[in-house]
Amino acid sequence: MKEQYEARMLRIHFGEDDKWHGKPLYEAIVNKCKELGIAGATVYRGIEGFGASSTIHRSSIWSFSKDAPIMVSVIDREDAVQKLVPFLDEMIVEGLVAMSRVQVVRFSKSPSDSTPAIR
């Protein structure tokens, strides 16, 4: 089964060392997405990157910084993604959130596999 629809994508960029209430920020964001019923979130650990501080962050054991770049990608309907934004305002001390409209093409084995949050 193939389903197409318009959605929102958030790409949340920050450092691996960032925390929220003592646990990794990326873990807190993914847990909040799950709690809010958001269709999906994926965490990516970068090899190298820099942001507003202009400090280059690397994941290599040879670098001085152990604070690898992290990106959390979230995709769902506009209203579902907007429920997450106030929590990000509280959770993110330093980082970048990029929001864009996306065209989603979702493939599934059967109609029963569809994610209710996306309809």
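The values are calculated or read from the model by the stated rules, or taken from the named source; none is laboratory data. Computed from a predicted model, the values in this text were never measured in an experiment. Ideal geometry is used to build each Cβ from the backbone, glycine not excepted, and the neighbour counts take in all protein chains shown.
Side notes on the structure shown:
- Here the stretch 53-89 is the region considered, the condition is being at pLDDT below 95 and β-branched (Val, Ile, Thr), and the residue that is farthest from residue 8 (Cα to Cα) is 61.
- Restricted to the stretch 5-29, and to residues there that are among the small types (Gly, Ala, Ser) and modelled with pLDDT of 95 or more, the residue that is nearest to residue 88 (Cα to Cα) is 28.
- Output for the stretch 64-93, where each listed residue is without any contact (Cβ under 8 Å) to a residue 24 or more places away in the chain, exposed (fewer than 14 other Cβ atoms within 10 Å of the Cβ) and outside any helix (DSSP H, G or I): 64
- Matching residues, the stretch 35-52, being at pLDDT 95 or above and closer than 21 Å to residue 101 by Cα: 36, 37, 38, 41, 42, 43, 44
- Checked against (1) among the basic types (Lys, Arg); (2) modelled with pLDDT under 95; (3) surrounded by 15 or more Cβ atoms within 10 Å (Cβ to Cβ), residue 2 passes all but a single condition, namely (3).
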